[in-house]
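Trainee: Before we start, here is the structure in question, set down as structure tokens.
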Amino acid sequence: MARPALKTSIPYFVSDGSVHFRLGGDLTSLEDTDGRVLKLLQLLDGTRDLDAVHRDLSADYPDLTAEDVREAVDDLDASGLVQDTADRGEDFDAAARERWSNNLGFFETYASLGTSKYEFQRRIRDARVAVLGVGGIGSHTLIDLVAIGFTDIRIVDFDKIEVSNFNRQIIYGEPDVGRTKVHVAAERARRLNSRVRVDAVETKLMSADDVYAVVHDRDIVIAVVDRPKVHVAHWLNEGCVRAGATLIGGGVDTQRAIHYTMVPGVSGCVECWYGQVRRDDPTSRMVLDVLDDIDREGSAYGEDTAAFNGLVVVAAAHMVSEMVRLASRVCPPLAVGRLLEQTFHNPRVRQAETWTRDPDCAVCRDARPAAGAEWLTRVGREELPF
């Protein structure tokens, strides 16, 4: 039986016959003319089940029924103010509890009588993820994922560290010049958390088969591989669709940071997206054709000379946050089926493009998500931003 407890992470204040809760600058106020609300809150300390709460509360307020107490606690739960203390996180040892203590404080604000703060952290711990490309965004992303508590991470890259990387790839240093990025990145990740399992794969992705080979057992993939510019997007998409792995993609496009999410069997895939762009936008179709030619020629593209660390950090932050939403299920993801952008001169997040699932798509029409993303098939469309 649930033992509801008021969240210590959400402070409350009593004044003018009301109790006020403050979370992130927002106030939730409960009218309390005779003190029964405050008394109820004081009894919600995690040591009592609902029957005991009713017994102790009705001693002072005999008109209250057990159903009244149940409805009041349900209302508090719906407002995000209580949690269940039955899950004590006993599968986390003392070292893990200390390491993730601030995460647990954050997740407590999202916890409920149905899902504990430990469960959110547990889902992150148990997720199987990959970072494809550990350059600018990928190197930031990797360290953030380790810091947050992901423990099963595969990283893929083939490139070597160069001096020109140092304006944004901050996990590398001058003594590392000439070394392969993926191995230095793995060393850095293990220094942050010796318990993390980092599978470092040194390879260049040159086909959908190559992508599938490194994501076939992954739940969620952050892909920031940028060569060849257009073709690699198709390979990443097809490889992830075949694996059922959720794909978080994006990058830095000169003055803007962009990201998107593709969930096989839930959203349209990249082929659905590009097909709709080619059908509906002649100018974008022309640009894609030019980029295709550049890929085939192996030529450089003008914007590739621009990579500003501030936008790299922004893109990495959005991708990491999206992975946390997907892995922990703390709330629905934000970028599924749409491209979100922030520019340097106007950092307001904006929906730049959106697309729908093509039921006849040759790549994703029969797709199903991996087990870690099946929950999205049960989320009502009104709860998803696509």
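Trainee: Test of understanding: in a Gaussian network model of the chain with alpha carbons linked when under 10 Å, which of Asp199, Asp26, Asp45 would top the mean-square fluctuation ranking?
Mentor: Sorting by GNM fluctuation, first place goes to Asp26.
Trainee: Moving to a separate point now. For helix 66-78, what angle does its Cα long axis make with the longest principal axis of the chain, in degrees from 0 to 90 and rounded to 10?
Mentor: The answer is roughly 30 degrees.
Trainee: Segment 203-277 to segment 132-161: how many Å between their Cα centroids?
Mentor: 16
Trainee: Another question, if that's okay. For segment 129-226, what is the percent of antiparallel DSSP beta bridges, rounded to the nearest 5? Kindly include the intermediate steps, with their values, before the conclusion.
Mentor: Details: 1 of 15 bridges.
Roughly 5 percent of the DSSP beta bridges within segment 129-226 come out antiparallel.
Trainee: Continuing with this model, one more query. Taking Cα centroids, how far is segment 80-127 from segment 336-375 in Å?
Mentor: Rounded to whole Å, the Cα centres lie 29 Å apart.
Trainee: Can you list the residues, at least 5 places off or on another chain, whose amide H is less than 5 Å from the amide H of Asp253, using H built in the peptide plane?
Mentor: Ile258
Trainee: Counting each DSSP H run of 4 or more residues in the chain as -39500 (n - 2.57), what helix-only mean residue ellipticity at 222 nm follows after dividing by all residues, to the nearest 500 deg cm²/dmol?
Mentor: Details: 13 runs with 147 residues, N = 386.
The helix contribution divided over the chain gives -11500 deg cm²/dmol.
Trainee: Heavy atoms only, probe 1.4 Å: what % of the accessible area of the chain goes to carbon and sulfur, would you let me know?
Mentor: The C+S portion of the solvent-accessible surface of the chain is 48 percent.
Trainee: If you don't mind, another one. Across the chain, how large is the tail of the calculated P(r) beyond 25 Å, expressed as a percent of all Cα pairs?
Mentor: Details: 45302 of 74305 pairs.
Roughly 61 percent, once rounded to a whole number.
Trainee: Which order do peptides 336-343, 109-116, 203-210 fall in by mean Cβ count within 10 Å, highest first? List each step's numbers first, then the result.
Mentor: Values: 336-343: 20.6, 109-116: 17.6, 203-210: 15.6.
Highest to lowest by the protection proxy: 336-343, 109-116, 203-210.
Trainee: Can you give the relative contact order of segment 194-281 as a percent, counting alpha carbon pairs under 8 Å and 6+ residues apart? Can you show the working numbers first?
Mentor: Details: 108 pairs, mean separation 21.4, N = 88.
24 percent.
Trainee: In the Gaussian network model of the chain, springs joining C-alpha atoms below 10 Å, which of His345, His183, His140 carries the largest mean-square fluctuation?
Mentor: Among His345, His183, His140, the largest GNM mean-square fluctuation belongs to His345.
Trainee: Rounded to whole Å and sorted largest first, list the principal axis extents of the Cα atoms in segment 98-166.
Mentor: Sorted from largest, the Cα extents of segment 98-166 read 50, 21, 18 Å.
Trainee: Keeping all protein chains in position, work out how much accessible area Ser101 exposes to a 1.4 Å probe, and write it in Å² to the nearest 10.
Mentor: 60
Trainee: Measuring with a 1.4 Å probe in the full set of protein chains, what accessible area per residue, in whole Å², belongs to segment 107-246? All intermediate terms of the calculation are to be shown ahead of the outcome.
Mentor: Numbers: 5320 Å² over 140 residues.
Ligands and nucleic acids excluded, the figure is 38 Å² per residue.
Trainee: Sticking with this structure for a sec: What does the convex hull of the alpha-carbon atoms of segment 308-369 project to on average, in nm²? Don't skip to the answer; put the middle values down first.
Mentor: Values: hull surface 22.5 nm².
Averaged projected area of segment 308-369's Cα convex hull equals 5.6 nm².
Trainee: Please report, for the Cα atoms of segment 170-216, the Rg to one decimal and the Dmax as a whole number; what are they, in angstrom?
Mentor: Cα-based Rg and Dmax for segment 170-216 come out at 12.9, 35 Å.
Trainee: For segment 1-135, with equal point scatterers placed on the C-alpha atoms only and solvent neglected, what are the log10 I(q)/I(0) values from the Debye formula at q = 0.10, 0.12, 0.18 1/Å, to two decimals?
Mentor: Calculated log10 I(q)/I(0) at the listed q: -0.40, -0.54, -1.02.
The values are calculated or read from the model by the stated rules, or taken from the named source; none is laboratory data. No experiment lies behind these values; they were computed from the predicted model shown. All Cβ positions, glycine included, derive from the backbone under ideal geometry; neighbour counts span all protein chains shown. Quick note on the areas: whole protein, heavy atoms, side chains included, nothing else; ligands and nucleic acids left out. Shrake-Rupley method; radii C 1.70, N 1.55, O 1.52, S 1.80 Å.
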